[in-house]
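The values are calculated or read from the model by the stated rules, or taken from the named source; none is laboratory data. Everything quoted here is computed from the prediction, not taken from an experiment. In this analysis, Cβ positions are derived from the backbone assuming ideal geometry, glycine residues included, and neighbour counts consider all displayed protein chains. Ligands, DNA and RNA are stripped out before the accessible areas are found, and what is left, the full protein with its side chains, is counted by its heavy atoms. Shrake-Rupley method; radii C 1.70, N 1.55, O 1.52, S 1.80 Å.
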Amino acid sequence: MALRSINDFKYSLEYDVENDTIRPIYPNDYKKWFNNSVTNIDKFCNEHKNNQIILVTHFGMSPKSVSSKYFSSQLNAFYTSNLEWLIEKHKNIKLVLQGHTHSQLEYKIGECTVSCNPCGYCIYDEDAPYRPDMYYGKIIEI
C-alpha cells in the first residue's frame, strides 16, 4: 500500500553504490535502513550506559504517536514504528524528540518522555488550532 500511496516511492531515487546505478526507492530499502538504525541506536545505548541519552528521530517510536484521527490507517507503519521495547531496554534514553506526525504530543514510555512539536502544521489545522507560542519552542524537563 505504501508503494502506491507514499510520494517517496514515486519521486525519490537512490544511488546504488554496488551497481553504480540510480534506481527508485522501495519499501525494502526503508526496512533495511530501519533495521540498521535500530542496531546503531542499540549499540550506542550499550556503549553509553552511564550517560543520559536524548534520541532525535524522524519516525515515531510508538503506536501512541498516531493521532486518533489516523488510528485505523493502514499506512501508520510508514510513519510510526513500535520501538517501545528499545526504550524500555535502555533506561538511559531519557527523551525522544520525534517527527513525522502532524500532531503535537507528549507521553511517557517508562521513564522516557516522548515529544513531538510540529508547530508548522498547526497553521493547516491538522490537529491543533494555530498557537503562536508553539513557534518559540518547548521546555521539557528530564
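For the range 26-34, check the following and say yes or no: at least one residue is closer than 30 Å to ILE140 by Cα and either modelled with pLDDT of 90 or more or not small (Gly, Ala, Ser) (or both). Yes. Looking at the range 3-19 only, could you name the residues that are farther than 15 Å from TYR79 by Cα and assigned to a loop (DSSP other than H, G, I, E, B)? The answer is SER12, VAL17, GLU18, ASN19.
Inspection of the range 112-125 finds a residue satisfying the criterion of being assigned to a loop (DSSP other than H, G, I, E, B) and either in contact with a Gly (Cβ under 9 Å, 6 or more places away or on another chain) or modelled with pLDDT of 85 or more (or both). Cβ separations smaller than 8 Å between residues 6+ apart or across chains give the following pairs from the range 92-108 residues that are more than 15 Å from PHE59 (Cβ to Cβ) and open to solvent by 20 Å² or more (accessible area, probe 1.4 Å) to residues that are modelled with pLDDT of 95 or more and not in a strand (DSSP E or B): LYS94/GLN52. Of all residues in the range 71-91, those satisfying the criterion of being in a helix (DSSP H, G or I) and open to solvent by 60 Å² or more (accessible area, probe 1.4 Å) are ALA77, TYR79, TRP85, GLU88, LYS89. When VAL17 is tested against the conditions (1) out of contact with any Asp or Glu (no Cβ under 7 Å at 6 or more places or on another chain); (2) of a type in the set (Val, Ile, Thr); (3) without any contact (Cβ under 8 Å) to a residue 24 or more places away in the chain; (4) surrounded by 11 or more Cβ atoms within 10 Å (Cβ to Cβ), the lone failure is (4). Against the numbered list (1) charged (D, E, K, R); (2) out of contact with any Phe, Trp or Tyr (no Cβ under 8 Å at 6 or more places or on another chain); (3) closer than 30 Å to ILE139 by Cβ; (4) assigned to a helix (DSSP H, G or I), LYS94 comes up short only at (4). Looking only at the range 20-39, residues that are in a helix (DSSP H, G or I) and in contact with a helix residue (DSSP H, G or I) (Cβ under 7 Å, 6 or more places away or on another chain) come to 2 in all. I want to confirm something. Restricting to the range 54-66 and keeping residues that are open to solvent by less than 80 Å² (accessible area, probe 1.4 Å), outside any helix (DSSP H, G or I) and touching a Leu at 6+ places or on another chain (Cβ under 8 Å), which single residue is nearest to GLU141 (Cα to Cα)? Going through the qualifying residues, I end up with LEU55. Among the numbered conditions (1) surrounded by 11 or more Cβ atoms within 10 Å (Cβ to Cβ); (2) assigned to a loop (DSSP other than H, G, I, E, B), the only one that ASP42 does not meet is (2).
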